[in-house]
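Only one structure is covered here, and it is reproduced in the block below.
The numbers here are math on the coordinates, done by the rules we state, and not lab data. Keep in mind that this is a model prediction, so the values were computed, not measured. Counting neighbours? That spans all protein chains shown, and the Cβs are built from the backbone with ideal geometry, glycine included.
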Amino acid sequence: MIKVRRLVKTFGPKPVLRGLDFQVTRGEFVALLGPNGAGKTTFLRILATLSRPKMGEVIVAGHHLPAEAAAVRRRLGVVSHQPLLYGDLSAEQNLRFYSWMYGVGDLERRIDEVLHLVGLNPRRRDLVRQFSRGMQQRLAIGRAILHRPDILLFDEPHTGLDQEAAAMLDQVLREIATAGRTVVMTSHDISRAADLADRVDILSKGVITASESTEDLDPIQLTELYRSVTRV
Amino acid sequence: MERTPKALIVLTWLTSAVFVVALYLVLIWAPQEAIMGDVQRVFYFHVAAGWVGALAFLVTAIAGGIYLARGEQRWDRIAVASVEIGIIFTFINIVTGSIWARPIWNTWWTWDPRLVTATIMLLIYIAYIMLRQGIEDPDRRARFGAVYGIVGFISVPLTFLSIRIFRTIHPIVVGSSDPTAAGAFNMTADMRVAFFFSLFTFTLIYITLLWHRLRLQQLMEKIEERKLTALSS
Amino acid sequence: MPPTTDVVNQKPESKAGGSLRAYLRSIAAIVWKDLAAEFRSRELIGAMLVFAALVILIFNFALELDIRTREAVTSGVLWVTFAFAGTLGLNRSMAIEKDRGCLDGLLLAPVDRTAIYFGKAIGNLFFMLIVEAIILPMYSVLYNVNLFQPGLIFVILLGSIGYTAVGTLLASMAVQARTRDMLLPILLFPVLIPLLLAAVKASNGFLMGFEMAEIMPWINLMIAYDVIFIAVAFMVFDFVVEE
């Protein structure tokens with residue numbers, strides 16, 4: 001579903017991704033771990049068509065990036081640590097706006113569906129500005145799946161959430177991930193990543209340094225692995 | 001440490017020599033203008049500086065366009081280097097114009113179309129530098145610079161046109177001459193030689209400076225790279 | 001959590017309608033979104049209006065607007081007011097997109113980037129026109145001049161189109177810079193000078209009852225300015241928002 005070969009990205013003279021290789025098959029849930037500055041967000045932004053690769057090959061859903069970005073965008077749902085929502089619009093209006101942008105057919109029914117799924121139907125007419133961080137993040141997920149994408153990219157979706165909101169988010173994530181979608185999620189949280197994902201990849205200094213199935217490893221082993229491959 | 005390329009050294013000396021000749025032509029060789037006297041001699045370098053300013057900003061706009069099309073860093077380097085030189089020469093153009101205007105128009109400053117256009121042009125490219133300084137990411141800085149370099153350059157003729165619709169007192173020496181404009185004069189053959197030689201000299205100065213500036217930029221980038229490799233290893 | 005009908009076997013959304021329809025629909029969506037948000041908060045137009053009223057009042061004292069001088073400077077005062085109030089609106093309109101990462105949200109949508117430009121520019125034009133529609137009667141009442149002449153309104157429309165065309169492009173850059181609010185007027189005003197000058201002169205021509213032959217060059221200049229800069233913005237906007 002996603003295939004990346006020798007991806008290089010620099011900011012000016014500073015290399016961020018140095019020949020990264022990465023692969024995800026259909027329906028897989030992969031968590032990307034790594035210290036700050038390892039290039040996780042940069043990598044996800046490239047997959048999300050928001051940033052152009054400098055060198056290397058990036059194929060998402062059979063389309064080359066950045067040349068066929070428009071075709072890829074239709075099939076992508078993106079949740080970043082920012083909610084990408086308008087504070088002065090209600091939950092419903094935000095979804096309606098994005099439905100128009102994506103050309104979602106049968107839009108009122110789809111908005112209802114999504115609001116129920118993320119558990120925000122009772123607050124649908126409230127301004128997003130008044131939502132808690134957890135609610136904003138759930139609505140952000142609703143926004144991301146509105147156009148029924150089959151590939152989901154999550155960039156540290158748990159940032160700034162308390163325990164309860166994070167648990168609720170996990171529930172929503174599991175629910176949408178089981179429906180046969182391909183998911184790539186970056187995270188800081190090793191045990192959460194091990195819990196949610198089928199596979200954990202560790203990104204360090206711009207390359208993938210380890211890739212392990214979560215079935216083979218328990219969180220403690222994973223933490224040790226993480227320490228060993230990211231140690232400076 | 002890398003050596004300065006031989007061609008650049010030769011060019012620098014050549015430019016210096018040509019500049020000395022230009023000084024001689026302008027200050028001594030060219031005949032004194034009958035009515036205005038020696039102050040008219042400002043005219044040669046005044047126009048030449050204005051020409052280099054306009055040329056430099058044109059180069060910036062074109063290099064910006066090529067950068068946007070190809071994304072190659074060197075076109076952005078040319079664009080910035082050219083803006084910096086253009087700002088200096090436009091400033092020289094305005095100051096020399098002021099020196100000339102004091103005895104001839106009896107004022108340092110007047111709201112004449114060329115004067116105002118030159119000043120607005122100067123402001124546009126100072127804004128260009130400020131825009132670049134406000135952006136950290138080098139690629140974005142280059143893209144925004146290119147966009148603003150193009151937008152700014154296109155606005156300059158429109159600005160000139162809009163101010164031109166007012167009446168002007170600026171003499172038009174080259175091309176059609178309006179004898180009623182204060183300070184207008186006809187160039188003699190000798191004056192013309194000094195004039196075109198000044199244009200040639202200043203264009204040469206522009207090319208030399210641009211080359212030096214590009215080399216400086218490359219060296220600075222190399223230092224940046226070495227710092228990064230030294231830090232990461 | 002209630003049961004869901006959300007299954008992935010449903011095909012990903014296919015293109016709804018032709019691509020031109022999709023293009024126009026996204027422009028309309030962005031304009032609707034900006035207007036709906038403003039209708040809720042009324043922050044932008046409110047701030048622009050208060051600011052504009054203050055500028056006019058300050059001019060009143062600074063220029064001693066008695067009846068004779070007033071006639072000569074009315075168009076200048078109006079355009080300076082519009083231009084200053086406009087930068088408030090432009091800054092705010094782009095800051096909304098930047099602050100919650102919404103610009104990324106727009107860029108993720110499968111629409112051409114220029115649709116985002118036109119959507120934002122048309123929204124900004126609406127705000128500008130709303131403010132102008134309130135300032136004009138206010139000025140008319142305060143200074144007892146009749147500003148409701150078709151010619152003047154046409155000039156204001158042409159001027160506002162050019163202003164928002166360039167302003168939206170430059171504000172999208174300024175908002176991504178470190179010095180954002182400070183930067184916009186510095187970038188914008190030197191580029192706007194031909195447009196503002198023509199607008200002041202043309203407005204003055206209509207207010208003083210000049211002949212059309214004297215006004216036409218200014219009108220033509222404004223039309224040329226609008227066409228040129230809409231075309232330039234259309235060509236370069238991609239580079240302003242893409243990474």
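A simple spin-label model places pseudo-atoms 7 Å from Cα toward Cβ; at A:Arg129 and A:Arg6 they are separated by 5.2 nm. The shape of the protein assembly as shown can be summarised by an equivalent ellipsoid whose semi-axes, obtained from the alpha carbon gyration tensor, come to 54, 36, 18 Å from longest to shortest. FRET efficiency for the A:Ala67 to C:Ser19 pair, using the beta carbon distance and R₀ = 22 Å, is estimated at 0.80.
Only Cα pairs under 8 Å and 6+ residues apart enter the sum, and on that basis the relative contact order of chain B stands at 29 percent. What the Cβ-Cβ distance of A:Lys14 and A:Ile59 gives, at R0 = 22 Å and to the nearest 0.05, is a FRET efficiency of 0.25. Principal axis analysis of the Cα atoms in chain B yields extents of 71, 41, 27 Å, listed in decreasing size.
Report, in degrees rounded to the nearest 10, the 0 to 90 angle that the Cα long axis of helix C:113-143 makes with the longest principal axis of chain C. Helix C:113-143 and the main axis of chain C meet at about 30 degrees.
Measure up A:Lys9/A:Lys40; B:Lys6/B:Lys222; C:Lys33/C:Lys98; A:Lys9/A:Lys205; A:Lys14/A:Lys40; C:Lys120/C:Lys201 against 18 Å on the Cα-Cα distance and list the ones that go over. From A:Lys9/A:Lys40; B:Lys6/B:Lys222; C:Lys33/C:Lys98; A:Lys9/A:Lys205; A:Lys14/A:Lys40; C:Lys120/C:Lys201, over 18 Å: B:Lys6/B:Lys222; C:Lys120/C:Lys201.
The modelled label-to-label distance for the pair B:Leu23/C:Leu142, using points 7 Å beyond Cα in the direction of Cβ, is 5.8 nm. For C:Phe61 and C:Leu157, the FRET efficiency from 1/(1 + (r/R0)^6), where r spans their Cβ atoms and R0 equals 22 Å, is about 0.15. When the label point is put 7 Å from the Cα of A:Thr159 along its Cα-to-beta-carbon vector, which residues of the stretch A:100-140 have a backbone N closer than 17 Å? From the stretch A:100-140, the list is A:133-140. Stokes-Einstein diffusion of the stretch C:19-241 at 10 °C, 1.306 mPa s viscosity, Kirkwood radius from Cα pairs, rounded to a whole number: 88 µm²/s. Taking 0.36 nm per residue of separation and subtracting the Cα-Cα distance, full extension of the segment from B:Trp108 to B:Leu8 would add 32.1 nm.
Of the two radii for the stretch C:181-232, the radius of gyration is 1.09 times the Kirkwood radius, both from the alpha carbons; that is the Rg over Rh value. The spacing between the stretch C:165-181 and the stretch B:114-144, judged by their C-alpha centroids, is 13 Å.
With a simple spin-label model that places each label point 7 Å from the Cα along the Cα-to-Cβ direction, the separation between C:Arg40 and C:Ile223 comes to 4.2 nm. In terms of its Cα atoms, chain A spans 49, 41, 32 Å along the principal axes, sorted from long to short. Using a cutoff of 8 angstrom between alpha carbon atoms and counting only pairs six or more residues apart, the relative contact order for the stretch C:19-241 works out to 26 percent. With the cut-off at 1.5 for a/c, could you classify the stretch B:89-132 from its C-alpha gyration tensor as rounded, prolate or oblate? The shape class here is prolate.
Computed across the stretch B:59-176, the Kirkwood hydrodynamic radius from all distinct Cα-Cα pairs reaches 15.5 Å.
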